[in-house]
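A.B. asks: This is the structure, below, for whatever I ask next.
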Amino acid sequence: QVQLAESGGELVQAGGSLRLSCAASGRTFSSYNMGWFRQAPGKEREFVAAITWRGSSISNEDLVKGRFTVSRDNAKNTAYLQLNSLKPEDTAVYYCAAGPAGRGTTTTTGYDYWGQGTQVTVSS
């Protein structure tokens, strides 16, 4: 069982930056792939970025366009999503998720555990 808690979301002006954190409970954090998704009102949840248990990262480049970076610190049981050059269309609830190694990382079916989400609002 893994429990996840996101933090770091807030209201920011367009062009600003935020760092989202995802703190995980449990002693097996290092064995999980960690993913970030987001969901805007009236839209489906969409993949943002993920980092595997080995430390390899993948991003939804159509969405990210080089602005976001995913990372992890296994010693702190924490995953991060650095958001730069934010735009109003990035406004959404951002969720982190944990999934076992060996599963795909770009769809929600790859993950077993989800956090409650953190709101990111970007004003124009």
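A.B. asks: Scan the range 28-66 residue by residue and report those that are basic (K, R) and either within 20 Å of S7 (Cα to Cα) or modelled with pLDDT of 95 or more (or both).
C.D. replies: Correct list: R38, K43, R45, R54.
A.B. asks: Right, here's the next one. Determine if the range 66-76 includes at least one residue that is aromatic (F, W, Y), closer than 30 Å to S124 by Cβ and in contact (Cβ under 8 Å) with a residue 60 or more places away in the chain.
C.D. replies: So far as the range 66-76 goes, no, none of its residues is aromatic (F, W, Y), closer than 30 Å to S124 by Cβ and in contact (Cβ under 8 Å) with a residue 60 or more places away in the chain.
A.B. asks: Another one. Quick check: is even one residue across the range 74-84 part of a strand (DSSP E or B) and either over 14 Å from G9 (Cβ atoms) or modelled with pLDDT under 95 (or both)?
C.D. replies: Looking for residues that are part of a strand (DSSP E or B) and either over 14 Å from G9 (Cβ atoms) or modelled with pLDDT under 95 (or both), one finds at least one in the range 74-84, hence yes.
A.B. asks: Also, I was wondering about something else. Checking the condition in contact with a Leu (Cβ under 9 Å, 6 or more places away or on another chain), in contact (Cβ under 8 Å) with a residue 12 or more places away in the chain and on the phi > 0 side of the Ramachandran plot, which residue from G9, G55, G26, G15 passes?
C.D. replies: G15 is the lone residue from the list that is in contact with a Leu (Cβ under 9 Å, 6 or more places away or on another chain), in contact (Cβ under 8 Å) with a residue 12 or more places away in the chain and on the phi > 0 side of the Ramachandran plot.
A.B. asks: Still on this structure, I have one more. Scanning the range 35-70 for residues that are among the basic types (K, R) and in a loop (DSSP other than H, G, I, E, B), which turns out surrounded by the most Cβ atoms within 10 Å (Cβ to Cβ)?
C.D. replies: R45
A.B. asks: Anything in the range 95-108 that is touching a residue at least 60 places away in the same chain (Cβ under 8 Å) and open to solvent by less than 60 Å² (accessible area, probe 1.4 Å)? List them, or say none.
C.D. replies: Y95, C96, A97, A98, G99, P100, A101, T105
A.B. asks: Right, another one. From the residues in the range 79-94 that are touching a Ser or Thr at 6+ places or on another chain (Cβ under 8 Å) and open to solvent by less than 20 Å² (accessible area, probe 1.4 Å), which one is nearest to Q1 (Cα to Cα)?
C.D. replies: Only one residue tops the list, namely A79.
A.B. asks: Name the pairs whose Cβ atoms lie under 8 Å apart, with the first residue in the range 82-93 and within 9 Å of L18 (Cα to Cα), the second part of a helix (DSSP H, G or I) and at pLDDT 95 or above, and 6 or more positions between them or separate chains?
C.D. replies: Taking only residues 6 or more apart or on different chains, the pairs are L83/D90.
A.B. asks: Restricted to the range 109-124, and to residues that are polar (S, T, N, Q) and surrounded by 12 or more Cβ atoms within 10 Å (Cβ to Cβ), which residue is nearest to C96 (Cα to Cα)?
C.D. replies: By that ranking, first place goes to T118.
The values are calculated or read from the model by the stated rules, or taken from the named source; none is laboratory data. Here the structure is a predicted model, which is why all the values come from computation and not from measurement. Reconstructed Cβ throughout: ideal geometry from the backbone, glycine too, with neighbour counts over all protein chains shown. Note: areas computed on protein heavy atoms with side chains; ligands, DNA, RNA excluded. Shrake-Rupley method; radii C 1.70, N 1.55, O 1.52, S 1.80 Å.
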